[in-house]
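To start, the structure itself, in structure tokens.
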Amino acid sequence: MAHGPAKGLRRWLFTTNHKDIGSMYLWFSFAMFIVGGIFALIVRAELFEPGLQIVDPNFFNQMTTMHGLVMVFGAIMPAFVGLANWMIPLMIGAPDMALPRMNNWSFWILPFAFLMLLSTLFMPGGGPNFGWTFYAPLSTKYAPESVIFFIFAVHIMGASSIMGAINIIATVLNMRAPGMTLMKMPLFVWTWLITAYLLIVVMPVLAGAVTMVLMDTRFGTSFFDGAGGGDPVMFQHIFWFFGHPEVYIMILPAFGIISAIIPTFARKPLFGYSSMVYATASIAFLSFTVWAHHMFTVGMPIAGELFFMYATMLIAVPTGVKVFNWAATMFKGAMTFETPMLFAIAFVMLFTIGGLSGLMLAIAPADFQYHDTYFVVAHFHYVLVPGALFSIIAAAYYWLPKWSGRMYNEVLGKTHFWVAFIGLNLTFFPMHFAGLAGMPRRIPDYHMMFADWNMISSIGALIFGASQILFLYIVLDAIFRGKKATGQVWEGAEGLEWTLPSPAPYHTFSKPPEIK
Amino acid sequence: MLKRARGLWAWLLAPAVLIISNQTMAEEVERWKLNMVEGVTPISREVYGLHMLMFWWCVVIAVVVFTIMFYSMIMHRKSRGVKASNFHESTVLEIVWTAIPLIILIAMAFPATTSLIKLYDTSEAELDVVITGYQWRWRYEYLDEDVYFFSNMSTPREQIEGLEARGANYLLEVDEPLVIPVDTKVRFLITAADVIHSWWVPAFGIKTDSIPGFINEAWAIVDTPGTYRGQCAELCGRDHGFMPIVVEALPKDEYQQWLDQKRTDLAEIRQLTEQTFEFEELYQRGQQVYTQWCVACHRADGAGVSGIFPALIGGVSVGPVEGHMDVVVNGVPGTAMQAFGEQLSEVDIAAVITYERNAWGNNMGDMVQPIDIFNFKQND
Ligand code: HEM
Ligand SMILES: [Cu+2]
Ligand SMILES: [Cu+2]
């Protein structure tokens, strides 16, 4: 084999190179982010003022459902896998991922899964309209015909995630350069290693859930049908046994990214490295014991209710430790505020807000009032948008010079940050108020007392959406016209990836690097 | 940077504020409401207290964290010429910031636990109301009182579509509210007939899922007479946003009067079964029933929603009467078409069938009498 990449389309179709595959994952996830964003904007346009103006309620439900599915499985998760592909080999001094052919396969099945999922919108009866949580029996007996395509698509996404996870575990455990002990690994590698185990445990559970839905809709079983001896609440237990670890799948790699960026721009080592590792591990472990906090109102026995309340409160402790460690890293540093750092600081602050509202939600009696209202929508967007999404954007700015060999435009980058930051808070902060005032989620129309908050949210969403177009421009501008980047890129950056030239050559660490 | 950001805020907010202040709204509507209601039951007050307690703890924690971060961002920036220190570990600190949150949380767990125990204590109720969620309405049944009825949203479609001015209780009004006495422990037994719904009245601190095949319990002692409004809180299909809950809490004697009246009304409806009606009467009544019960799916023009809800033009509506009665009385199992036999009175079923057979160009020219429905049910 030659040393450079193949030419043309074949390069991308047949590539087994971790950098190529990483780039494809990242571009794919950006495309899905735009698609999911358009769905969200349709939702927000309908909610701009009271009354039904733009869409039919059934289509509205399809939009919220598709928005959730596309953002979770199409935008956030593939972006993290893309970052893992690019960065893990560079961070641990490995020549490539351990299973390169599987790597190609796990990427290339994704576009087909999403093509199939999105095509359901054009089928008679419409696409999935039962929420991304697809509670039975709304997703079984009462589902549109297209539910089987939704199920198949989820199966493929799950297979892709499991393959990605196996690959990451195999790479981290077998391919580290000599001297790169586990406790020397950058936190991004650690958090991804732990995330990969979470994925391997819970994705099969999701596959089981969709398979049972398939059996109930097409093969006459009654897993979730009380009339046939089944139990619709069991569906929720199974779903959230997947679903809660899933939210940590979407945030643990983010913790790793932030733990790389803050020390760089504070010019000071990460505070409490080992406590960060242990906190990540305990969050991952506890994440399996809290699932029913999504189900406080289903009528669980009080013992169950109490157990899940206490466990959920407990998970806030290691999460708090992380926030304190980041704050301590900033303390007495010598900080500069380049774009990645701005996104990272916003991450810490706004993720904290999302974590604190999570703590309120953990209090079971109070959750009876919060549950299924816009308060919850505000909560999970504060952890997902300035959380998961901002960490990905921060990572893109932080490593783009290493990937492309060119710097992005700092002024535009900062503009992107401020517009996104303002748009985001305008969108999601008022949702706390609407929710507390009594607005349920997943409704296409509402009483006038919620009108003011909703209008602000919709305006914020438009601003946030527009800022992402600027992001695309900044990235393209950097790739095609940017100033040449040095190998070190950032003054305070440490780690193996910065010992390489920028852009990182097509093959790196063919000879293992020296670890000090 | 900061100054520029502040300018941006003002600039961005201006149009929003303008639009909002120009918006015309019913005057009674409370605006910019930001917090949970305190409510009118012992549970809702406890929950409100817990909510505020947690909120202030969260504010305290946020202030501590943000102060440290802002202090560092202001004081420890490279442009001030500071040199970074190199400390990066402290077991003592790690223990401190594990222990303090843990203690706060344990302190919070106590009131939360006692409230939860109270919330779960549905014993010794003086009145039992069975609440059943349907797509998309609620059914209330007073146990041992032989009184039951359905409660449908009463906001006209014209308001939703913006053709009419919106009323003060837009989307939060029903044709028949649930009525309960004050100062009485009422137990709600909550279940569903089709998909999962959730019965939520914020002022009572109750949100309980209504699940087909299960019965969940909740309770309330309302101490202030009044009208309390809520909404279904679990996605239950197309019209999930349009199944409000209205509860009227009446003084005990007024409640008793209402209950007696209700019983008489129900008996009268049952008598109608024995009467024979003119075509015009049935058609008119049928149109009303249709608008209230069937439009959500089959649409006002009978055209349905392609691929989900069939059109009623043609089909069984122009076939034999028995087939038509069968669909409406027994529903179509496994689809969204419910069995209306239990939900509607004989008159109403007869009327709506007559309507369907003669509306939208179906022009069958025949009609169905309540007694036909009664007989059909008997032989079924
Ligand atoms: C442009 C920024 C975004 C806007 C304006 C937005 C807005 C919304 C809205 C209006 C809903 C529906 C709320 C409801 O009625 O239940 C929603 C739901 C949701 N969003 Fe977003 N969102 C954005 C970004 C994201 C991102 C980045 C994620 C990442 C994972 C995400 C995940 C979700 C999820 C999981 C749901 C729940 C879907 C469901 O209820 O089935 N959103 N969002
Ligand atoms: Cu959770
Ligand atoms: Cu509902």
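A few comments on the model shown:
- Residues of the stretch B:188-242 satisfying the condition of being within 11 Å of ligand 3 (Cβ to nearest atom), touching a residue at least 40 places away in the same chain (Cβ under 8 Å), of a type outside the set (Gly, Ala, Ser) and outside any strand (DSSP E or B): B:194, B:195, B:196, B:236, B:238, B:239, B:240, B:242
- Positions within the stretch A:319-349 being touching a Phe, Trp or Tyr at 6+ places or on another chain (Cβ under 8 Å), more than 8 Å from chain B (Cβ to nearest Cβ) and open to solvent by 10 Å² or more (accessible area, probe 1.4 Å), in sequence order: A:338, A:342
- For the stretch B:128-138, the count of residues that are at the interface with chain A (Cβ under 7 Å from one of its Cβ atoms), touching a Leu at 6+ places or on another chain (Cβ under 8 Å) and open to solvent by less than 40 Å² (accessible area, probe 1.4 Å) is zero.
- Qualifying residue in the stretch B:318-338 (condition: among the small types (Gly, Ala, Ser) and buried (at least 20 other Cβ atoms within 10 Å of the Cβ)): no
- Residue in the stretch A:140-154 that is within 20 Å of residue A:15 (Cα to Cα), touching a residue at least 12 places away in the same chain (Cβ under 8 Å) and part of a loop (DSSP other than H, G, I, E, B) present: no
- Of residues in the stretch A:223-240 being within 16 Å of ligand 2 (Cβ to nearest atom) and not aromatic (Phe, Trp, Tyr), the one farthest from the other protein chains (Cβ to nearest Cβ): A:238
- In the set (1) facing chain A (nearest Cβ under 7 Å); (2) in a loop (DSSP other than H, G, I, E, B); (3) closer than 28 Å to residue B:182 by Cβ, the condition left unmet by residue B:123 is number (1).
- Meets criteria (closer than 23 Å to residue A:57 by Cα, away from chain A (no Cβ under 14 Å) and assigned to a loop (DSSP other than H, G, I, E, B)) for residue B:366: no
- Filter result for residue A:359 (facing chain B (nearest Cβ under 7 Å), open to solvent by 10 Å² or more (accessible area, probe 1.4 Å) and within 13 Å of ligand 2 (Cβ to nearest atom)): yes
- Residue, nearest to the other protein chains (Cβ to nearest Cβ), within the stretch A:431-484, restricted to residues that are within 14 Å of ligand 1 (Cβ to nearest atom) and among the hydroxyl-bearing types (Ser, Thr, Tyr): A:446
- Looking only at the stretch B:244-255, and only at residues there that are surrounded by fewer than 24 Cβ atoms within 10 Å (Cβ to Cβ) and either under 16 Å from residue A:56 (Cα atoms) or more than 10 Å from the chain's Cα centre (by Cα) (or both), the one that is nearest to ligand 1 (Cβ to nearest atom): B:248
- Residue A:391 falls short of the stated requirement of being more than 14 Å from ligand 2 (Cβ to nearest atom), surrounded by fewer than 24 Cβ atoms within 10 Å (Cβ to Cβ) and not hydrophobic (A, V, I, L, M, F, W, C).
- When we screen A:84, A:79 for residues that are modelled with pLDDT of 95 or more, out of contact with any Ser or Thr (no Cβ under 6 Å at 6 or more places or on another chain) and small (Gly, Ala, Ser), the only hit is A:84.
- Residues that are aliphatic (A, V, I, L, M), within 14 Å of chain A (Cβ to nearest Cβ) and touching a residue at least 60 places away in the same chain (Cβ under 8 Å) do not occur anywhere in the stretch B:250-261.
- Restricted to the stretch A:26-139, the set of helices (runs of 4 or more DSSP H) holding at least 2 residues that are within 16 Å of ligand 3 (Cβ to nearest atom) and among the hydroxyl-bearing types (Ser, Thr, Tyr) comprises A:57-69.
- Selection of the stretch A:22-57 for residues being more than 27 Å from the chain's Cα centre (by Cα) and in contact (Cβ under 8 Å) with a residue 24 or more places away in the chain yields A:49, A:50, A:51, A:52, A:55, A:57.
- Criterion: within 12 Å of chain B (Cβ to nearest Cβ) and either within 16 Å of ligand 3 (Cβ to nearest atom) or open to solvent by 10 Å² or more (accessible area, probe 1.4 Å) (or both) - qualifying residue of A:304, A:272: A:304
- Within the stretch A:303-324, the set of residues being within 22 Å of the chain's Cα centre (by Cα) and under 18 Å from residue B:65 (Cβ atoms) comprises A:315, A:316, A:317, A:318, A:319, A:320, A:321, A:322, A:323.
- Tabulated pairs, the stretch A:454-474, first among the β-branched types (Val, Ile, Thr), second within 11 Å of ligand 1 (Cβ to nearest atom), C-beta under 6 angstrom, 6+ apart or interchain: A:456/A:426; A:463/A:423
- Number of the exception - residue A:398 against (1) open to solvent by less than 10 Å² (accessible area, probe 1.4 Å); (2) within 14 Å of chain B (Cβ to nearest Cβ); (3) hydroxyl-bearing (Ser, Thr, Tyr): (2)
- Within the stretch A:236-256, residues that are polar (S, T, N, Q) reach partners that are part of a helix (DSSP H, G or I) with beta carbons closer than 8 Å, at six or more positions or on different chains, in the pairs A:236/A:294.
- Selection count where residues are farther than 24 Å from residue B:97 by Cα and away from ligand 1 (no atom under 16 Å from the Cβ), scope the stretch A:238-263: 2
- Residues that are within 16 Å of ligand 2 (Cβ to nearest atom) and under 13 Å from residue A:43 (Cβ atoms), drawn from the stretch A:53-80: A:68
- The residue that is farthest from the other protein chains (Cβ to nearest Cβ), counting only those in the stretch B:30-53 that are acidic (Asp, Glu) and closer than 23 Å to residue B:168 by Cβ, is B:38.
The values are calculated or read from the model by the stated rules, or taken from the named source; none is laboratory data. Quantities reported herein were computed from a predicted structural model and do not represent experimental measurements. Using ideal geometry, Cβ is built from the backbone for each residue, glycine included, and neighbour counts are taken over all protein chains shown. Ligands, DNA and RNA are excluded from the accessible area calculation, which covers all protein heavy atoms including side chains. Shrake-Rupley method; radii C 1.70, N 1.55, O 1.52, S 1.80 Å.
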